[in-house]
Each structure stands twice: as structure tokens, then as C-alpha cells.
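Report on one structure; see the data block that follows.
The values are calculated or read from the model by the stated rules, or taken from the named source; none is laboratory data. Values in this document were obtained by computation on a predicted structure and should not be read as measured data. Cβ sites come from the backbone with ideal geometry, for glycine too, and all protein chains shown count toward neighbours.
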Amino acid sequence: MRAPRITATGRLQRLLAILQWAARQPDGALVDDLCERFGLSQADLVKELDLANMINADSPFYDEMPFEVFLEEDRVFVRLFSFRRPMRLTPAEGLALVAAADSLVDDEAEGASSPLGRALAKLAGLLGIEPGQAVDVDLDPDGGETGRRLRQAIAEDRRVSFVYWTYGRDAVARREVDPWALFSEGATWYLAAWAHDAEASRNFRLDRMQDLAVEDAPRREPAPASLDRSARTVDEAPRVVLDLPPWAWWVAEAHPIISAEQRDDQHLRVTLAVAGSSWLERLLLRLGPGATVVEIDHELGGPDLAARAAARVLARYQPAESGARAAR
């Protein structure tokens, strides 16, 4: 008897459960364990993971995707980004919504009492403005709640710790630092600090910090007379030079780069500092054959880095495919 066909809603719920469970496995979830736990064949599991990789895949911002799924050998690795947090409007999104909705609401009493008018009034009240009011906005000038706690730690001369995602190494770790100063570049806030694990000064993005704690221990390293208030990448990190087709130029906007040079209408040459080959492998696999590795430091591997990573992924499925053909 054929199993009942799963609905689209049921499939999505199952996919979310798979991702949540796999993300809780620090060393990756075994494919066999996932198949057994969720009653799937390997072929069906691959279809679910392919679906997951399609969700928001066209986003130009790597760390703003809801999650990332990666298969290597017999394990599935899942990283949840903003997926665990409930979706909330940012102040900028709220103001944009108020401005758009206000143009659709009549000034007459009937318009203000309509469902849209009442919703607009509630949202404007939360933002502390009146519908139709012209506003001059400086969004979160202190770096948000994280920035305010860091400023307090600096004023009290105390050490702080936080969980931090380092994009270049594609690593998440708890960092302990002596905070020195906050600064902003564009719309992004940074902390200049002394990192105890690296025994060197580092700049940290506030939006990549989680679980911030102000420690009882005092700061050990005093701030230098001249602070590096820039968001530049680490000079000593290994580098890769890529030629990108037009559809992949988002890489230069989504990731910190050392340089970018438009060579012609069809190619943009970018130089990135990358401290870990695993992150670079995933980027190259995502870009596909359209991106060309021009130069790469030996610490990261050779120009065939993406091809070798793709071969590992394909090799993982060859035994399953061979067995399926033999069964037929």
C-alpha cells in the first residue's frame, strides 16, 4: 500500500524539524541517523536538503540567510543564522512601512478609522511618531543594546565575553576581550578590543555577537594611543583572487574585500582575505564554474579547491546510487 502523499505544509514542517535537529549536533548529523529518525530514504533526504538550499539562495548576504546546509562525506552540517529568533521589524523597516502605508490612507476621518489607518496609528505609536509626520532619523546611534552594554563595560574598565562568528574561518567561538572603543562604518557598528585568544588587537562586528557577558575581571590591556577604527580585514590572513561574472558581483558587497577591479563588462576581479578553506569551498561551490580562481595562497589549497570539494560531495552519493541501480 502506497504511503499517503505528504502535503506542502507537512513537508515544510518536516524540513524545519530536520534542520533544527541537525543543527544541534556539534559534529554534524549522520545521514543514517537522520534517515532513521525522520523515516526517510537517503534519496528523499537529499531532496529535502536540496529544498533547504534553495530557500533564499539568491540573497547576496551570506550571513543573512535563514540557515546554511552542507554535506560532507556521511554527515550533514547545518548552521542557523537568524532562524532561531522570531522575525521583528527593525526601526528602518517600521519607518518604511509607515511611510508607504501613510500614502494610502486618506486624511479624512473615514481613512483614519479604516483597518489600515488603525494599524498605521499603532505602528507609528510604537515608533514614537505621528502618521504623516516628517522625521529625521538616526537609527540606533549607540549600537543598540549590545553597544550600550559595551560602553558601560568600557566605562567600568571590565572585560567582556561573547559568542562570535568569524566569517573568514567560518568558525563560531566564545571570545574574551578587553573592550577599548566603539565605532561605526556605514551602518555597521564595531568594537575595537584586545582579544585574549589571539593575543592581539581585533575589531568585532556587533551584529555578529551573541550572549554578551560583562565579566568581573578588569581589563588587562590598556587601549593604545592610536586605535585602528576601520573594518579592514586582517592583513596576515591568506588571500584568494577571484574573477567574477556580473551575476556574482554581489560577493564584493556581501563580504569584506581587500581590493576590487572591474576588468571589463564581464569580469570583476576581487581579492579576499580568508582564514579558512572550508568557508572558501562553500563560496566557490555556490558560485559554480562562472567564478575563476586566479591566485590562491597555499594555506587554502590549490586552484582546484572547488573541484575537489565537489568531488567529495559527489562521492558521498555514488554508493547509494549504485545500490539503487543494482536493485532495479
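Go through the residues of the stretch 212-221 one by one and say whether even a single one is within 23 Å of the chain's Cα centre (by Cα) and either acidic (Asp, Glu) or not assigned by TED's automatic domain parsing to the domain that holds Ala254 (or both). Spell out the reasoning first.
Within the stretch 212-221, the first condition is being within 23 Å of the chain's Cα centre (by Cα), and the residues that meet it are 212-213.
From what's left, either acidic (Asp, Glu) or not assigned by TED's automatic domain parsing to the domain that holds Ala254 (or both): 212-213.
Yes, the stretch 212-221 contains at least one residue that is within 23 Å of the chain's Cα centre (by Cα) and either acidic (Asp, Glu) or not assigned by TED's automatic domain parsing to the domain that holds Ala254 (or both).
Among (1) within 22 Å of the chain's Cα centre (by Cα); (2) at pLDDT 80 or above, which single condition is Val294 missing?
It is condition (1) that Val294 fails.
If we keep just the residues of the stretch 252-265 that are free of Cβ contacts under 8 Å to residues at least 60 places away in the same chain and outside any loop (DSSP other than H, G, I, E, B), which is surrounded by the fewest Cβ atoms within 10 Å (Cβ to Cβ)?
Asp264
Can you tell me which residues in the stretch 15-59 are exposed (fewer than 14 other Cβ atoms within 10 Å of the Cβ) and of a type in the set (S, T, N, Q)?
Within the stretch 15-59, Ser41, Asn56, Ser59 qualify.
Within the group Leu268, Leu272, which residue is modelled with pLDDT of 80 or more and more than 21 Å from the chain's Cα centre (by Cα)?
Leu268
Under 6 Å by Cβ, and 6 or more places apart or on different chains, what pairs join a residue from the stretch 188-216 that is under 10 Å from Arg175 (Cβ atoms) and modelled with pLDDT under 90 with one that is among the small types (Gly, Ala, Ser) and surrounded by 14 or more Cβ atoms within 10 Å (Cβ to Cβ)?
Listed pairs, sorted by first residue: Arg202/Ala195.
Scan Asp157, Asp136 and give me the residue that is over 30 Å from Val240 (Cβ atoms) and either modelled with pLDDT of 90 or more or touching a His at 6+ places or on another chain (Cβ under 8 Å) (or both).
Asp157
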